[in-house]
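A.B. asks: I have a structure I would like to understand better, so I am pasting it below and will then ask my questions one at a time.
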Amino acid sequence: MQERFPNLIIGGAPKCGTSSLYFWLSAHPEIYGSPKKETFFFADKVNRFNASANVHEHELDTYLQFFKDAGDAKIRFEATAHYLYEEQALKVFSQAENPPKMIFLFREPSKQMYSHYKMEKYRTKRVNMPLEDCTKLPKIDMYVDYATYVKKWLDAMPEDHVRIWSFEDFMSRKVEVMQEIAEYLGVDPSFYADFDFEHRNESVAIRSGALHQLGLRLQPLIPHFIQKMLLPVYIKLNSGGRAPDNEADAPVISAFKSAHAQVGADLKALFPEIRLEKWG
C-alpha cells in the first residue's frame with residue numbers, strides 16, 4: 001500500500017491559490033494529482049466533503065483508491081487545503097512510513113479574508129451577513145493564524161518536508177515559483193518555462209447555487225482535460241461575473257489588516273526566505 005500513498009500534500013488557508021497549484025502540478029507529466037482535489041479524508045470530523053470516504057469510517061485502502069491510477073508517476077498528491085488545521089492529518093502524515101512533503105500557500109490576511117468572504121457570499125451562498133459581522137467569527141482569525149499552525153507541521157515532519165510560498169509571490173512569478181516547486185519535488189522544472197498558466201478558483205457570483213453544487217459533486221468524475229474545456233462554458237452559463245468589491249467594506253478590510261499586521265513577521269521568523277514584499 002505504501003507505494004500508492006501520496007508523497008506530496010498541498011495545503012493552506014482558503015483562497016490562497018491551492019486550486020491553481022493543484023491544476024498546474026497535475027499537468028506535469030511526472031506528477032499525478034488525485035482526481036478529487038480535496039479528499040478531506042483525514043479531517044478531524046466527518047463533514048459534507050468526506051461523507052463517502054473518511055478515516056473515521058473507512059480503511060486506508062479507501063484513501064489509496066484516489067491514487068490507483070498514478071502508475072509510475074514520480075509524485076502523487078492531493079490538495080486538501082484545510083489539512084493545515086487538522087490534527088488528524090498532522091498525526092497521519094507525520095507518522096507515515098515515508099512522510100509526504102508538505103507545501104502550504106498563504107496570502108496577506110485581509111485579502112485572504114475578503115476573498116473568502118466573497119466566495120461564501122456570492123458563490124457558495126453560505127454567508128448572508130455584513131463583512132464586519134463575519135470578521136468577528138472565531139474561525140476567521142483561525143484561518144489567518146498561519147504561523148501557529150504551520151509550526152506544528154514544522155515540528156512534526158522530517159527536515160525539509162515543509163515549504164511555504166505566498167499567494168502574491170506565486171501569482172506574480174508563476175514560472176519562477178513553479179520551477180522552484182518542481183526542483184523541490186525532483187521533477188523537470190523546464191516543463192513550466194512555456195506553460196499556459198490559467199488562474200483557477202476565482203471568486204465569481206453564481207446564479208444558481210443548486211447547479212453549482214451539482215457541478216462540485218460531478219467534478220471528481222470528470223477527467224481534467226474535459227474539465228478545462230467545460231469550465232468556460234459553465235462560467236458563462238452560471239456566473240454573474242466576478243464577485244464585486246463593496247466600497248463600504250474598505251474600512252473593515254483596513255481594520256482587519258492592521259489587527260493582523262504581525263502575521264507576516266511570524267511567518268518570516270519560521271521561513272526567512274518567504275517573499276512577502278507585496279503584503280504591504
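The values are calculated or read from the model by the stated rules, or taken from the named source; none is laboratory data. Values in this document were obtained by computation on a predicted structure and should not be read as measured data. Neighbour counts are summed over all protein chains in view; Cβ atoms, including those assigned to glycine, are modelled from backbone coordinates with ideal geometry.
A.B. asks: Quick check, is Phe23 under 27 Å from Leu276 (Cβ atoms), modelled with pLDDT under 95 and in a helix (DSSP H, G or I)?
C.D. replies: When the stated conditions are applied, Phe23 passes them.
A.B. asks: For the list (1) surrounded by 15 or more Cβ atoms within 10 Å (Cβ to Cβ); (2) touching a residue at least 40 places away in the same chain (Cβ under 8 Å); (3) not aliphatic (A, V, I, L, M), I need the number of the one condition that Glu132 fails.
C.D. replies: (1)
A.B. asks: Would you check if there is a residue in the stretch 89-105 being modelled with pLDDT of 95 or more, surrounded by 15 or more Cβ atoms within 10 Å (Cβ to Cβ) and in contact with a Cys (Cβ under 6 Å, 6 or more places away or on another chain)?
C.D. replies: The answer is yes; a qualifying residue exists.
A.B. asks: Also, quick follow-up: Kindly indicate the residue of the stretch 15-43 that is of a type in the set (D, E, K, R) and within 22 Å of Met119 (Cβ to Cβ) and also surrounded by the fewest Cβ atoms within 10 Å (Cβ to Cβ) among those meeting that condition. Spell out how you get there, then give the answer.
C.D. replies: Step one: of the stretch 15-43, the residues of a type in the set (D, E, K, R) are 15, 30, 36-38.
Keeping just the survivors that are within 22 Å of Met119 (Cβ to Cβ) gives 15, 36-38.
Details: Lys15: 25, Lys36: 18, Lys37: 22, Glu38: 21.
Among residues in the stretch 15-43 that are of a type in the set (D, E, K, R) and within 22 Å of Met119 (Cβ to Cβ), the one surrounded by the fewest Cβ atoms within 10 Å (Cβ to Cβ) is Lys36.
A.B. asks: Given (1) under 30 Å from His28 (Cβ atoms); (2) at pLDDT 95 or above; (3) more than 17 Å from the chain's Cα centre (by Cα), identify the lone condition not met by Thr148.
C.D. replies: (1)
A.B. asks: Continuing with the same structure: Please state which one of Tyr192, Tyr143 is out of contact with any strand residue (DSSP E or B) (no Cβ under 9 Å at 6 or more places or on another chain), crowded, with 18+ Cβ neighbours inside 10 Å and more than 30 Å from Val252 (Cβ to Cβ).
C.D. replies: On the way: Tyr143 fails: more than 30 Å from Val252 (Cβ to Cβ).
Answer to the check: Tyr192.
A.B. asks: Related question: Could you pull out every one of the helices (runs of 4 or more DSSP H) wholly within the stretch 189-280 that has 2 or more residues that are charged (D, E, K, R), out of contact with any Leu (no Cβ under 6 Å at 6 or more places or on another chain) and at pLDDT 60 or above?
C.D. replies: In the stretch 189-280, the matching helices (runs of 4 or more DSSP H) lie at 263-270.
A.B. asks: If you go through the stretch 4-29, how many residues are more than 8 Å from the chain's Cα centre (by Cα) and within 13 Å of Leu84 (Cα to Cα)?
C.D. replies: Summing the residues that are more than 8 Å from the chain's Cα centre (by Cα) and within 13 Å of Leu84 (Cα to Cα) in the stretch 4-29 gives 1.
A.B. asks: For the stretch 242-272: of the residues being surrounded by fewer than 18 Cβ atoms within 10 Å (Cβ to Cβ) and in contact with a strand residue (DSSP E or B) (Cβ under 9 Å, 6 or more places away or on another chain), which is farthest from Ser115 (Cα to Cα)?
C.D. replies: Only one residue tops the list, namely Leu270.
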